[in-house]
Amino acid sequence: MKVTDLSGLPDGVPAHLQNQGVEELYPPQAEAVEAGVTEGRNLVASVPTASGKTLVAKLAMLSSIERSRQRGRGGDGNGTALYIVPLRALASEKADEFAELERFGLDIGVATGNYQSDGEWLGDNDVVVATSEKVDSLIRNGATWMQDLDCVVADEVHLVDDAQRGPTLEVTLAKLRQRLPDLQVVALSATVGNAEAVADWLDAALVDSTWRPIDLQTGVHYGNAIHFDDGSQRELAVGSKNQTAAIVEDTLADDGSTLVFVNSRRNAEASARRLASVTGGAIDAEDRERLREVAGRIREVSDTETSEDLAAAVEQGAAFHHAGLASEHRSLVEEAFRDRLIRVISATPTLAAGVNTPSRRVVVRDWQRYDGTAGGMQPLSALEVHQMFGRAGRPGLDPYGEALLLASSHGELEELFDRYIYADPEPVRSKLAAEPALRTHVLATVATGFATTRSALLEFLQETLYASQTDEAGRLESVTDNVLAYLDRNGFLEREDGGLTATRTGHLVSQLYVDPMSAAEIIHGLEDAGAEPSALGLYHLVSRTPDMYRLYLRSGDDETYTEIAYDREDELLGHAPTEFEEGEWEDWLSALKTAKLLEDWADELDEDRITERYGVGPGDIRGKVDTAEWLLHAAERLAAELDVASTTAVREARIRVKHGVSEELLDLVRAENVGRKRARRLYDAGVETRQDLREAPKSTVLGALRGREKTAENVLEGVGHPAPSMDDVERDEAAIPEDDGRDENRAQANLEDF
DNA sequence: TCTAGACATCTATAGACAGCATGTC
DNA sequence: CTATAGATGTCTAGA
């Protein structure tokens, strides 16, 4: 099918596609059009990565907007298309990709937790890209523009299988469909075992294809050769002993790049270090210079050990990639890899699910992963491995892609072929009937008035994928009843003759988007607290909710934190478990460890000291701080609702953790361009408030900011200084901070604990 | 007695959404 | 209950 054959699209779209070099649709795209995506028909497309799913989505959205415009005749059609993604990083990536549609008069908006273009004005956009949680939250908070949706696209819909976040996507789609009977639903999925079941659930046509625009060869490396799926073999030059190194070397000889997937952060870092010695020799002077530049920018992001290790590897053309990295680190690495500067990345699965980083070769080095709940190593699913494989081959750039597994014995070679090369991906199974998932969604469904009786609630749940998949008729009902009882018991909703009403607190909890169990824990803690709970007490309280991903206890931590638990017993809120209740006690301690990290951050301890002390990466600090801030915001609202005395203390603890400063700096950090470090330097030089900043001698400010004129000007400008110019200002030597020395002192008090 | 290298033992384990109101080094 | 890489500790042979 040619693009010129397309109809029902805004004027100029086929011509625009031709300009981009698209003449002919890919076979799965043509199938989608034949199935009616451009005519408002529901569609499930189960196709491999990079086989043109995005164009299918664009065609669906463009045609639905065009239809809406026709209906609105004359006026600017007020319909909207919603594109749901699983990750925030993907939201901005997709929005950038859709930006080209602006030439057809479409506005693109983004809505995620940390970035929202225009509140209620979101509805003025023609296309909104959002995470599933954000969409759920928008529904809960009654965003009116959702009533005007014409088309919703759910990207990576196979993630409904995910135990934590899958139910959100599932319930969100079910709600949208129930509320808007004419809504067109397009679901894009990786190839899965039961795409037809998903299609049935959504009353959709199905395109189920394994077609790829670029050849993908899969195989297993064993001994000194790669055994491909088509029976062919490739002998590698004898050189490195290490399997991964041998493959990377071989790829380099062909001027290609390699993506190595491993099963832990530590392995990713170690592997990058080793592979750096392989890539280091293959880099010419010009690339080396550019790599040094990238390494420099990496070092600027933070001065932690992780940052330094990464920069050192990057200088050699290698890198690691995992969730402990700051997001700036991640994007620098991804960008340099796409620019073919970095030749090899050792990564945890972050990269498989995330943004677009294709590579000539993909090596799945570790096919098993530690899983504490299963008691040991578990094999990856075929679906996961296939997703990683899908990163192989850059359409239009590489002649082909290769995806490899590594075997260390002949038996393993055969097992890998059976398990991953020849195997079909697993079916998608809904995880909705788990209490944690239903807890939050049942409350939201009642609070938003979607269901006002028990039977209406059950009827709604019948519209989910879970209901269409289960044979156990009573299961959903009994879990729902458990959940209703829990919500009732905690005062979030009331049951009367089968009628369901959310209480005020219940409404608030639903809108705050926290797990009702988190809210219950916070409420108990706050009721137990006096007017002045300590910051540590509050950090501990939010750290032990199910919404906080706690730090692991490592060997020795047990004693350390048990001691702290007793030392600061009276600061901790709520009912403490005893040392003999093993599971609970351990949970209490890991929450305490997390709380200590937050306290250290709010006590202005240096980032690198924190990463060292808690064995985390710079990205982890950011993540914990973010989550804590969010939960403390919820706690603040709950405290106000309950009218307990601690509201002010909660707010202060929240703002301190947000900025990472102690109380005395709170005024300063509110100034533009002033963060925890600059605020501390200014304060120590005697500039203690924003008012001081305007009135203090400019030489003092310049000295405190270590003589950076431009920075000093920006800071003064930010607080409305009448004459921010630093021309002819001499820095005041007395105000210059003595670097490092002071930070060490500040850490002292805490160090004694360790 | 010292040291390099072989060998044994120990240790630790992926990912990341949400509210709200504005701005890091 | 399952594994494995890397760090650290211990042993041994050779000087």
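The values are calculated or read from the model by the stated rules, or taken from the named source; none is laboratory data. Fair warning: this is a prediction, and the values are worked out from it, not measured in the lab. Virtual Cβ from ideal backbone geometry, glycine too; neighbours counted across all protein chains shown. Quick note on the areas: whole protein, heavy atoms, side chains included, nothing else; ligands and nucleic acids left out. Shrake-Rupley method; radii C 1.70, N 1.55, O 1.52, S 1.80 Å.
Observations
- Filtered residues of the range A:125-144 (kept if over 23 Å from A:Thr627 (Cα atoms) and touching a helix residue (DSSP H, G or I) at 6+ places or on another chain (Cβ under 8 Å)): A:Asp126, A:Val127, A:Val128, A:Ala143, A:Thr144
- The residues listed here are A:Glu269, A:Glu235; of these, the one that is within 16 Å of DNA strand B (Cβ to nearest atom), of a type outside the set (Gly, Ala, Ser) and either in contact with a Gly (Cβ under 6 Å, 6 or more places away or on another chain) or on the phi < 0 side of the Ramachandran plot (or both) is A:Glu269.
Conditions tested, residue by residue: (1) within 30 Å of A:Gln217 (Cα to Cα); (2) surrounded by 19 or more Cβ atoms within 10 Å (Cβ to Cβ).
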| residue | (1), (2) |
| --- | --- |
| A:Ser277 | yes, no |
| A:Glu308 | no, no |
| A:Gln316 | yes, yes |
| A:Arg338 | yes, no |
| A:Leu351 | yes, yes |
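- Failed item, numbered, when A:Ser468 is tested on (1) touching a strand residue (DSSP E or B) at 6+ places or on another chain (Cβ under 8 Å); (2) assigned to a helix (DSSP H, G or I): (1)
- Count of residues meeting criterion [open to solvent by 20 Å² or more (accessible area, probe 1.4 Å) and either outside the structural domain of A:Asn267 (by the TED database) or closer than 16 Å to A:Ser257 by Cα (or both)] in the range A:318-336: 2
- Counted residues, the range A:724-754 - those being surrounded by 10 or more Cβ atoms within 10 Å (Cβ to Cβ) and at pLDDT 80 or above: 7
- Taking the range A:169-194 as the range and being among the β-branched types (Val, Ile, Thr) and either under 26 Å from A:Thr440 (Cα atoms) or not in a loop (DSSP other than H, G, I, E, B) (or both) as the test, the residues that pass are A:Val171, A:Thr172, A:Val185, A:Val186.
- Residues (assigned by the TED database to the domain that holds A:Gly256, open to solvent by 70 Å² or more (accessible area, probe 1.4 Å) and more than 26 Å from A:Ser359 (Cβ to Cβ)) located in the range A:396-430: A:His410, A:Glu414
- From the list A:Leu122, A:Leu188, the lone residue that is in contact with a strand residue (DSSP E or B) (Cβ under 8 Å, 6 or more places away or on another chain), within 13 Å of DNA strand B (Cβ to nearest atom) and open to solvent by less than 10 Å² (accessible area, probe 1.4 Å) is A:Leu122.
- Residue in the range A:289-306 that is touching a Lys or Arg at 6+ places or on another chain (Cβ under 6 Å) and more than 16 Å from DNA strand C (Cβ to nearest atom) present: no
- Unique match (being of a type in the set (D, E, K, R), over 30 Å from A:Arg266 (Cβ atoms) and assigned to a helix (DSSP H, G or I)) among A:Glu532, A:Glu584, A:Glu527: A:Glu527
- Unique match (being over 30 Å from A:Gly193 (Cβ atoms), within 32 Å of the chain's Cα centre (by Cα) and either modelled with pLDDT under 90 or surrounded by 17 or more Cβ atoms within 10 Å (Cβ to Cβ) (or both)) among A:Leu90, A:Leu43, A:Leu106: A:Leu106
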